[in-house]
Number of protein chains: 2
Amino acid sequence: MSDVRVAGTGLTPFGNTPDRTGRDLFAEATIAAFEDSGVPREDVDAVFYGNFMGELAEHQGHQGPLMAEAAGVRAPATRYESACASAGTAVRDAVLQLRNGEIDVALVGGAERMTNLGTAGATEALAIAADDLWEVRAGATFPGAYALMARAYFEEYGGDRTDLAHVAVKNHENALTNEKAQYQSEISVDDVLEAPLVSEPLGLYDSCPLSDGAAALVLTSQEYADEHDLDAPVAITGSGQGGDRMALHGRAHLARTPAAREAGAEAYVDAGIEPSDVDLAEVHDCFTIAEVLALEALDLEPIGEGISAARDGRTTANGETPVNLSGGLKAKGHPVGATGASQIAEVAKLLSRDHPNSEHVEDARIGLAHNAGGTVASATVHVLEVTR
Amino acid sequence: MSDVRVAGTGLTPFGNTPDRTGRDLFAEATIAAFEDSGVPREDVDAVFYGNFMGELAEHQGHQGPLMAEAAGVRAPATRYESACASAGTAVRDAVLQLRNGEIDVALVGGAERMTNLGTAGATEALAIAADDLWEVRAGATFPGAYALMARAYFEEYGGDRTDLAHVAVKNHENALTNEKAQYQSEISVDDVLEAPLVSEPLGLYDSCPLSDGAAALVLTSQEYADEHDLDAPVAITGSGQGGDRMALHGRAHLARTPAAREAGAEAYVDAGIEPSDVDLAEVHDCFTIAEVLALEALDLEPIGEGISAARDGRTTANGETPVNLSGGLKAKGHPVGATGASQIAEVAKLLSRDHPNSEHVEDARIGLAHNAGGTVASATVHVLEVTR
């Protein structure tokens, strides 16, 4: 099996650009990724594209070929939709095809245009990632669903809003150096606690923003990278995917995310590593509680202890295992279909010492990216390693 | 590389069932597929699900995990969306993962609920498979787009509405024995010619209907099939995918579909066969002209001669290479997200002599399934072979 190399990455700024179309955003990200990679567009064998709400936000389906065209690529193109894990599933299929020799070069990524729908419209559109018959029609939205998960966590393991606030403070702190981040602004624990409640116990600053943006990756087989003498020191060495019941009422435990645990376990075995080998991680912190649940599902923290990780400094930039050095979904932003690919880009940059926050992880060799859909009914995990 | 076996197939009736949800339809198809296969649900490693317009027709995204749940399966699940080729891309990724040993058992399929939107609503929803900025906003719908392709064909190669009518007559004739078909009714060339025009030169009977329905396949590795002594004589031995510019104005030639040609060429090489080896085919006849274009793109007919294939009997049930023995999209129906999987089911049944139309293809060993998205901006082709 071939190693899979990250040859190039490209991100648009994440933020409020309601007048830019998805194809406009993705084109920008791909221009950067191709330039970064040194790979010519003609060499792309297939396009793997993640998008979640294009039907509602842009009246546009069938985005695979449309986005290949926007990227200037003529190759088979498929759109993957797994809610907020859309790009994670796109990355995974690209990795499997590359390492099995089906293709040599993949353009992978995703984009989302959301803010043109307005806050209420986008919140409604996001809700279709939940079970329409049993959750959405009962009034459930994602802040409410994650608030239930947070309450269940507090009930079982303890912790409080202050603990969660430290997650938000950490991720904003990390984003200060990220010029593509939606928020480059320091916040305090008091800021988080005093912000308006969205769905108790989650407040405005416990929640990621609505974002427009795109991410693109040029991935190649090791053979292609060697043959073309690419500067591509980071490999994707592990991939895993997990699934769970869609609606929260179907879950055995509201404060656990077994889909992420299964994806992580598969990715660890695939890469031949242990959770303790992970030097840094980008995890899916759509809400502060989501980062806590991810740490525990990925065995980066024992069950019941993830809640104190940010507060006690274990996951801060200078901690043992820095988490979301990019700023995470919380501060970097969360253009849904782009997120899973943007995480891979951030981890690759951090591991190749080409990131403003690389100074915090000088010796890092292994990074992880965790992308989740809905209330983690879908999850993908990828392990990245420096090869030189 | 492992052979990929078709262990079981299941189809709902295709037709007008606007009150049945997508999950209801898919559950029915999967019950039949599991029963047909003898494979227990617990053995499924991954779910590959095709759906096109769930966001618009059912206010439901993130259908991967939802449909795994409907099927009674706990496994990672991904939704593939490539417009009318959605299930084709799902089949393709399942085939690649199976033959490369990533998984042993896949549940593959798709569903679509369309008729609840009404004719105008469904036509509008279908239009998002075209380019919203450059086609849809200019008033383009798919009957119009395929009418342009038909006119371009007539202009360049000759042919007329009567030639196309023979395609519709043939496919209705084939559907007479298909109890799951939306239409089990004979029609004449005069019926087709006298039907109301939808978009000249295409009339009502040149067009496939709006349909609700689902299709499911249980696919396994050869090793799994052997080990469990499954009755699974048909293998998927070739897979190909092609892509093209999304909007018709970007195409070099309105009467050719290079995405299908590329998908076919890849699938033929993959299977190690020539087009002349194909004994029967299910092709994507969303409109009569689409069948003609598919035959030529797949090298089953020379360029400019596909138009006469049905009229002259080369593709009829007793012809040299029967095409759409199921009735095709035209008479069997076209629940968009299900179609690509239903074609595989039909070909597998025909090749294993377990189909009411098997009598017409007693010696058939090699079948082909061609699934297309939009005006063939996406296409997948699969080759199936009897192994015993």
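The set of residues from the stretch B:79-92 being outside any helix (DSSP H, G or I) and open to solvent by less than 10 Å² (accessible area, probe 1.4 Å) comprises B:ARG79, B:TYR80, B:GLU81, B:SER82, B:ALA83, B:ALA85. A single member of A:ALA214, A:ALA165 is at pLDDT 95 or above, farther than 29 Å from A:TYR268 by Cβ and assigned to a helix (DSSP H, G or I), and it is A:ALA165. In the stretch B:231-256, the qualifying residues are those that are assigned to a loop (DSSP other than H, G, I, E, B) and either of a type in the set (A, V, I, L, M, F, W, C) or open to solvent by less than 10 Å² (accessible area, probe 1.4 Å) (or both), and the one that is farthest from A:ALA75 (Cα to Cα) is B:ALA232.
If you check A:ASP285, A:ASP277 for being away from chain B (no Cβ under 14 Å), open to solvent by 30 Å² or more (accessible area, probe 1.4 Å) and acidic (Asp, Glu), only one passes: A:ASP277.
Looking across the stretch A:292-315, the residues that are farther than 16 Å from A:VAL376 by Cα and among the small types (Gly, Ala, Ser) come down to A:GLY304, A:GLY306, A:SER308, A:ALA309, A:ALA310, A:GLY313.
Residues in the stretch B:110-151 that are within 14 Å of chain A (Cβ to nearest Cβ), farther than 24 Å from B:HIS59 by Cα, part of a helix (DSSP H, G or I) and open to solvent by 40 Å² or more (accessible area, probe 1.4 Å): B:ALA138 alone. Number of residues in the stretch B:1-16 that are surrounded by fewer than 24 Cβ atoms within 10 Å (Cβ to Cβ) and out of contact with any Asp or Glu (no Cβ under 7 Å at 6 or more places or on another chain): the value is 3.
Of all residues assigned to the stretch B:95-104, at least one qualifies as being touching a residue at least 60 places away in the same chain (Cβ under 8 Å) and at positive phi. Looking at B:GLU55, B:GLU35, just one residue is free of Cβ contacts under 8 Å to residues at least 12 places away in the same chain and not in a loop (DSSP other than H, G, I, E, B), and that residue is B:GLU55. A single member of A:LEU329, A:LEU295, A:LEU325 is without any contact (Cβ under 8 Å) to a residue 60 or more places away in the chain and surrounded by 24 or more Cβ atoms within 10 Å (Cβ to Cβ), and it is A:LEU295. Checking the structure you have, find out if any residue of the stretch B:17-29 is more than 11 Å from chain A (Cβ to nearest Cβ), surrounded by fewer than 24 Cβ atoms within 10 Å (Cβ to Cβ) and closer than 22 Å to B:ALA129 by Cα. Yes, some residue in the stretch B:17-29 is more than 11 Å from chain A (Cβ to nearest Cβ), surrounded by fewer than 24 Cβ atoms within 10 Å (Cβ to Cβ) and closer than 22 Å to B:ALA129 by Cα.
Scan the stretch B:193-200 and tell me whether some residue there is under 19 Å from the mean Cα position of the chain (by Cα), touching a residue at least 24 places away in the same chain (Cβ under 8 Å) and open to solvent by 20 Å² or more (accessible area, probe 1.4 Å). Looking through the stretch B:193-200, none of the residues is under 19 Å from the mean Cα position of the chain (by Cα), touching a residue at least 24 places away in the same chain (Cβ under 8 Å) and open to solvent by 20 Å² or more (accessible area, probe 1.4 Å). Only residues that are among the aliphatic types (A, V, I, L, M), open to solvent by less than 60 Å² (accessible area, probe 1.4 Å), within 21 Å of B:ARG99 (Cα to Cα) and assigned to a helix (DSSP H, G or I): list them for the stretch B:259-274, please. Of everything in the stretch B:259-274, those that are among the aliphatic types (A, V, I, L, M), open to solvent by less than 60 Å² (accessible area, probe 1.4 Å), within 21 Å of B:ARG99 (Cα to Cα) and assigned to a helix (DSSP H, G or I) turn out to be B:ALA263, B:ALA265, B:ALA267, B:ALA271. The condition (being more than 14 Å from chain A (Cβ to nearest Cβ), touching a Ser or Thr at 6+ places or on another chain (Cβ under 7 Å), closer than 17 Å to B:THR387 by Cα and of a type in the set (A, V, I, L, M)) is satisfied by just one residue among B:ALA214, B:ALA235, B:ALA225: B:ALA235.
If you check A:PRO76, A:PRO40 for being more than 7 Å from chain B (Cβ to nearest Cβ) and open to solvent by 10 Å² or more (accessible area, probe 1.4 Å), only one passes: A:PRO40. Scanning the stretch B:54-71 for residues that are under 17 Å from A:ALA259 (Cα atoms), open to solvent by less than 30 Å² (accessible area, probe 1.4 Å) and within 7 Å of chain A (Cβ to nearest Cβ), we see that the one that is nearest to the chain's Cα centre (by Cα) is B:GLY64. Taking the criterion of being open to solvent by less than 30 Å² (accessible area, probe 1.4 Å), more than 24 Å from A:PHE34 (Cβ to Cβ) and in contact with a helix residue (DSSP H, G or I) (Cβ under 9 Å, 6 or more places away or on another chain), would at least one residue in the stretch A:209-223 satisfy it? Within the stretch A:209-223 (the criterion being open to solvent by less than 30 Å² (accessible area, probe 1.4 Å), more than 24 Å from A:PHE34 (Cβ to Cβ) and in contact with a helix residue (DSSP H, G or I) (Cβ under 9 Å, 6 or more places away or on another chain)), the answer is yes, since at least one residue qualifies. Apart from one condition, A:ASP104 fits all of (1) within 26 Å of B:ALA263 (Cα to Cα); (2) within 13 Å of chain B (Cβ to nearest Cβ); (3) surrounded by fewer than 24 Cβ atoms within 10 Å (Cβ to Cβ); (4) not aliphatic (A, V, I, L, M); the exception is (2). Restricting the stretch B:344-388 to residues that are more than 14 Å from chain A (Cβ to nearest Cβ) and of a type in the set (Ser, Thr, Tyr), the residue that is nearest to B:THR9 (Cα to Cα) is B:SER352. When A:PHE34 is tested against (1) open to solvent by 20 Å² or more (accessible area, probe 1.4 Å); (2) more than 10 Å from chain B (Cβ to nearest Cβ), just one condition goes unmet, and that condition is (1).
All conditions in (1) at the interface with chain A (Cβ under 10 Å from one of its Cβ atoms); (2) assigned to a helix (DSSP H, G or I) hold for B:LEU98, with the sole exception of (1).
The values are calculated or read from the model by the stated rules, or taken from the named source; none is laboratory data. These numbers come from a predicted model, not from an experiment. For neighbour counting, all protein chains shown are included, and Cβ atoms are generated from backbone atoms with ideal geometry for every residue, glycine included. These area figures cover heavy atoms from the full protein model, side chains too; ligands, DNA and RNA do not enter into them. Shrake-Rupley method; radii C 1.70, N 1.55, O 1.52, S 1.80 Å.
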